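**Q** Sharing a structure with you now.
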Amino acid sequence: MLVKIGLDLGYANITLSNASADIYREPSVAIVDKNTRRILSIGARAALKNEGEEFENGVMIRPFKNGLLYSSDLTAEIVKNVIDAVKPAEKIRCLIALPSDFLPKQEAEMFSMLSAAGVSEYFSVKRSVAALIGAGYSPLISAISVNIGASSTEIAVLHKGEILTSVRESIGGEDFDKAIKQHILEQGDMNVSLLVARTIKEHLGAVWQGRESESIDIEGTLSLTGSRVKMSISTEDVVGVFEKPLKNLILSVANVVKKIPIEYVNEIFENGVVLTGGGAELYGLDTMMSKVLGISVTKPHNAIDSVAKGLSRIHNFLPSKKKLTGKNITSQIAKFYENAHSKQDTNTSASSDDDVKFDIN
């Protein structure tokens with residue numbers, strides 16, 4: 001049995017998907033042994049602790065905080081844990097989403113980790129392209145893919161399947177969380193965790209008018225005394241707090257848009273920007289970006305799942321050629337898609353694969 005999986009090792013989440021687009025997500029956190037640096041727990045169980053918190057023999061860390069390969073040994077162990085979760089599987093074909101600025105040497109290192117973990121066939125694709133396909137678009141489209149992750153944003157300009165520009169900018173959803181955290185400290189002399197700040201952003205945050213006024217209760221620590229306190233915060237309390245990260249994000253997209261060759265502008269602007277990723281869920285972001293850039297901006301339902309869905313869809317038209325193993329197939333995706341649809345090759349359909357269940361812990 002050949003099991004086809006998609007893998008995205010994100011700054012905030014580790015995401016697995018199968019060829020049927022079933023998605024399994026765990027937080028990108030781990031508890032490691034303080035002495036041996038071996039992983040004791042990954043994902044939701046580890047997320048119950050705070051970053052840097054020590055207990056018994058372990059400490060909680062965010063393994064990809066400084067990049068996927070900042071600690072290669074730790075990344076390799078995480079990959080092994082993730083692949084071990086794919087059961088049952090005699091043979092595994094893995095398509096992994098990687099940042100646009102990943103070097104060939106770094107990709108080769110990731111492929112070695114997948115091979116050592118027992119993966120039979122492995123390929124990579126740029127995260128921004130997988131996100132565009134996962135949003136429901138054809139790989140032959142002309143459009144601008146903007147995938148906003150927790151720590152960075154992947155921007156790619158495509159014209160009929162060809163990638164004209166692909167960059168990664170260090171601005172993401174967590175920058176908006178930090179803006180709220182800083183605002184509450186300045187206004188109320190109260191420290192809150194990034195998790196609380198993210199909750200405020202999701203329930204109250206907005207960058208365009210139209211969000212109904214609400215309020216939620218939060219808990220934090222007074223910076224002077226260290227006392228734990230509770231307070232209520234409303235939609236009006238966080239108006240305007242996102243100005244700096246919002247400006248940086250829109251400028252990043254605008255700088256890429258300015259580089260589009262004039263002969264392709266009309267076709268690309270016809271579809272405009274496709275906004276994906278967890279950071280895209282901020283209320284009114286699509287409207288704000290459209291108004292400022294002067295082009296259409298669309299956002300799929302459950303934008304956070306776009307990369308995972310894209311990896312699943314790519315699997316369904318990716319040919320079974322072992323010579324592709326160990327390669328970045330981003331530039332070939334449009335051709336694979338076109339060939340699969342012209343030949344109606346049923347061998348690449350999701351129905352040919354058994355469903356697989358995941359359990360990292």
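**Q** Please specify each residue of segment 209-244 satisfying the condition of being under 15 Å from L285 (Cβ atoms) and at pLDDT 95 or above.
**A** Listed by number, the residues that qualify are V241, F242, E243, K244.
**Q** With G149, G136 as the choices, which residue is under 30 Å from R198 (Cα atoms) and within 15 Å of the chain's Cα centre (by Cα)? Before the answer, list the steps.
**A** Numbers: G136 fails: within 15 Å of the chain's Cα centre (by Cα).
None of the others qualify; the one that does is G149.
**Q** Go over the candidates E121, E169, E162 one by one and state the one that is touching a strand residue (DSSP E or B) at 6+ places or on another chain (Cβ under 9 Å), at pLDDT below 95 and surrounded by fewer than 23 Cβ atoms within 10 Å (Cβ to Cβ). Spell out how you get there, then give the answer.
**A** Numbers: E169 fails: at pLDDT below 95; E162 fails: touching a strand residue (DSSP E or B) at 6+ places or on another chain (Cβ under 9 Å).
Every option except E121 fails the conditions.
**Q** Inspect all residues belonging to segment 263-279 and state whether any of them is of a type in the set (F, W, Y), surrounded by 15 or more Cβ atoms within 10 Å (Cβ to Cβ) and within 22 Å of the chain's Cα centre (by Cα).
**A** No - not one qualifying residue is present in segment 263-279.
**Q** OK, next. Residues in segment 158-190 that are over 27 Å from P139 (Cβ atoms) and in contact with a Lys or Arg (Cβ under 7 Å, 6 or more places away or on another chain): how many?
**A** Qualifying residue count, segment 158-190: 4.
**Q** How many of the residues making up segment 270-301 are without any contact (Cβ under 8 Å) to a residue 24 or more places away in the chain and in contact with a Ser or Thr (Cβ under 8 Å, 6 or more places away or on another chain)?
**A** 2
**Q** If you take the residues of segment 250-294 that are of a type in the set (D, E, K, R) and touching a helix residue (DSSP H, G or I) at 6+ places or on another chain (Cβ under 8 Å), which of them is farthest from S213 (Cα to Cα)? Spell out the reasoning first.
**A** First pass over segment 250-294, keeping only residues of a type in the set (D, E, K, R): 258-259, 263, 267, 270, 281, 286, 291.
With the extra rule that they be touching a helix residue (DSSP H, G or I) at 6+ places or on another chain (Cβ under 8 Å), the set shrinks to 281, 286.
Numbers: E281: 18, D286: 20 Å.
Filtering first and then ranking leaves D286.
**Q** Can you name every one of the strands (runs of 3 or more DSSP E) wholly within segment 137-241 that holds 3 or more residues which are touching a His at 6+ places or on another chain (Cβ under 7 Å) and within 19 Å of D101 (Cβ to Cβ)?
**A** none
**Q** For segment 185-202, does any single residue satisfy the condition of being of a type in the set (S, T, Y) and in contact with an Asp or Glu (Cβ under 7 Å, 6 or more places away or on another chain)?
**A** Looking for residues that are of a type in the set (S, T, Y) and in contact with an Asp or Glu (Cβ under 7 Å, 6 or more places away or on another chain), one finds none in segment 185-202, hence no.
**Q** While we're on this one: Do we have E121 as in contact with a Ser or Thr (Cβ under 9 Å, 6 or more places away or on another chain), touching a residue at least 60 places away in the same chain (Cβ under 8 Å), among the acidic types (D, E) and not assigned by TED's automatic domain parsing to the domain that holds A340 here?
**A** Here the answer is no, as E121 does not meet what is asked.
**Q** Quick check on my filter: what residues within segment 86-103 are surrounded by fewer than 18 Cβ atoms within 10 Å (Cβ to Cβ), more than 17 Å from the chain's Cα centre (by Cα) and in contact (Cβ under 8 Å) with a residue 24 or more places away in the chain?
**A** Hits for segment 86-103 are K87, P88, E90, K91.
**Q** Here's another thing I want to ask about it. Restricting attention to segment 124-136, which residues are part of a loop (DSSP other than H, G, I, E, B) and in contact with a Ser or Thr (Cβ under 6 Å, 6 or more places away or on another chain)?
**A** The answer is A135, and nothing else.
**Q** Another question, then. So, in segment 229-251, exactly how many residues are in contact with a strand residue (DSSP E or B) (Cβ under 6 Å, 6 or more places away or on another chain) and basic (K, R)?
**A** 1
**Q** Exactly one condition in (1) loosely packed, with under 13 Cβ neighbours inside 10 Å; (2) more than 22 Å from G10 (Cα to Cα); (3) not polar (S, T, N, Q) is not met by L195; state its number.
**A** (2)
**Q** Hey, another quick one. Among the listed residues T330, T325, identify the single one that is modelled with pLDDT of 85 or more, closer than 23 Å to E109 by Cβ, of a type in the set (S, T, Y) and buried (at least 18 other Cβ atoms within 10 Å of the Cβ).
**A** Just one listed residue meets the conditions, T330.
The values are calculated or read from the model by the stated rules, or taken from the named source; none is laboratory data. It should be emphasised that the depicted structure is a prediction, and the values quoted were computed from it without experimental measurement. Cβ: placed from backbone, ideal geometry, glycine included. Neighbour counts: every protein chain shown.
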